Amino acid sequence: MITVTAFKWVPPFAQGQVRDHRVRWVLNEAGWDYKVRLIDAVDQKSPLYRADQPFGQVPVLAEDGRPTLFETGAILLSVAERSGRLIPSDEMQRAQMLSWYFAALNSVEPYLANLAEVEFFMKDEADKAKRRPGVVAMAQRRLGELQAALGGRDWLVADTFTLADLMMSSVLKIAKSLDALADYPKLVAYQDRCFDRAAYRKAIDDQLADFAAHSSADMKYGVA
Ligand SMILES: N[C@@H](CCC(=O)N[C@@H](CS)C(=O)NCC(=O)O)C(=O)O
């Protein structure tokens, strides 16, 4: 049996964004059955959970007879490789696919995460106003560079949807939610293309259904 961890509930701005959707998505693409273990803030701090995820975050992938995995990058690659899905069979295209896969995580996501931090988590308006211009400029630079690299192509590599597209389109979600994609129509169309997949829609619908079944009270923010 395969189990993915996810939160019982998160505030509305984060619903549909939490990274377990990436794992649900790749598992749906692979056609593998899985169940979801919903955790709260107390679970996050527990030594048992920390043994699986040292930072107390979601998602974790637990699978009978295999080491438990954390980090969405590692989890998605493991599922894609073992299922033979979303990885080009050509070795050179696979290598290119990995470049884009890691670019999504290392060269794009951090700048969008900075943007999210300013917009969602900074409380002091003066600090926010000071930090925002630099963070917005850097995020826009990366988005412009990504759009230029994509050019007129539908997918990042191999003329087909790959794991790199799964990761990149997911990484772009935060930009979309902050209206930061408005000036990048090719990225909007690219993301729409990636999201026009039953495996993605099911991943998001299932995550949202879990949140709808719970409330902030279920997160049990007590001291573990
Ligand atoms: N690099 C990690 C990041 C995981 C992560 O940031 N998870 C968030 C949800 S999207 C989380 O658990 N946040 C709660 C926390 O950090 O305490 C991954 O890709 O798995």
(request) Being in a loop (DSSP other than H, G, I, E, B), out of contact with any Leu (no Cβ under 7 Å at 6 or more places or on another chain) and touching a residue at least 12 places away in the same chain (Cβ under 8 Å) is the filter here, so list the residues in the stretch 163-198 that pass it. (result) D183, R197
(message) Tell me the residue from L112, L166, L105 that is closer than 19 Å to Q93 by Cα and open to solvent by less than 30 Å² (accessible area, probe 1.4 Å), please.
(response) L166
(message) Checking the conditions here, which among A182, A189, A217 is open to solvent by less than 60 Å² (accessible area, probe 1.4 Å) and of a type outside the set (V, I, T)?
(response) A189
(request) Sort out which residues of the stretch 33-43 are away from the ligand (no atom under 11 Å from the Cβ) and either part of a strand (DSSP E or B) or touching a Leu at 6+ places or on another chain (Cβ under 9 Å) (or both), and write them in order of number. (result) D33, Y34, K35, V36, R37, L38
(request) Taking G84 as meeting all but one of (1) without any contact (Cβ under 8 Å) to a residue 12 or more places away in the chain; (2) within 13 Å of the ligand (Cβ to nearest atom); (3) open to solvent by 50 Å² or more (accessible area, probe 1.4 Å); (4) not acidic (D, E), write down the number of the exception. (result) (2)
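Yes/no matrix, rows are residues, columns are (1) more than 20 Å from the chain's Cα centre (by Cα); (2) closer than 23 Å to F161 by Cα:
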{"residue": "R50", "(1), (2)": "yes, no"}
{"residue": "F70", "(1), (2)": "no, no"}
{"residue": "E109", "(1), (2)": "no, yes"}
{"residue": "A116", "(1), (2)": "no, no"}
{"residue": "K130", "(1), (2)": "yes, no"}
{"residue": "G144", "(1), (2)": "yes, yes"}
(request) Assess whether E109 counts as being at pLDDT 95 or above, in contact with a helix residue (DSSP H, G or I) (Cβ under 8 Å, 6 or more places away or on another chain) and closer than 16 Å to R22 by Cβ. (result) yes
(message) Show the residue pairs meeting these rules: Cβ distance below 9 Å; 6+ apart or different chains; first residue within the stretch 199-224 and at positive phi; second residue part of a helix (DSSP H, G or I).
(response) K220/A41; K220/V42; K220/D43
(request) Can you tell me which residue within the stretch 142-162, out of those that are touching a residue at least 24 places away in the same chain (Cβ under 8 Å) and in a helix (DSSP H, G or I), is farthest from L178 (Cα to Cα)? (result) L150
(message) Would you confirm whether or not the stretch 44-62 contains a residue that is of a type in the set (D, E, K, R) and away from the ligand (no atom under 16 Å from the Cβ)?
(response) no
(request) Kindly indicate which of A224, A212, A148 is over 19 Å from the mean Cα position of the chain (by Cα) and at pLDDT below 95. (result) A224
(request) Could you please find all residues in the stretch 19-51 being open to solvent by less than 20 Å² (accessible area, probe 1.4 Å), closer than 16 Å to L69 by Cβ and not aliphatic (A, V, I, L, M)? (result) D20, R22, R24, W25, Y49
(message) Checking the condition hydrophobic (A, V, I, L, M, F, W, C), more than 25 Å from I174 (Cβ to Cβ), touching a residue at least 24 places away in the same chain (Cβ under 8 Å) and not assigned by TED's automatic domain parsing to the domain that holds L172, which residue from A62, A51 passes?
(response) A62
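The values are calculated or read from the model by the stated rules, or taken from the named source; none is laboratory data. Quick caveat: nothing in here was measured; it's all calculated off a predicted structure. Note: ideal-geometry Cβ built from the backbone for every residue, glycine included; neighbour counts use all protein chains shown. Side chains are part of the model used for accessible areas, which takes the heavy atoms of the whole protein and leaves out ligands, DNA and RNA. Shrake-Rupley method; radii C 1.70, N 1.55, O 1.52, S 1.80 Å.
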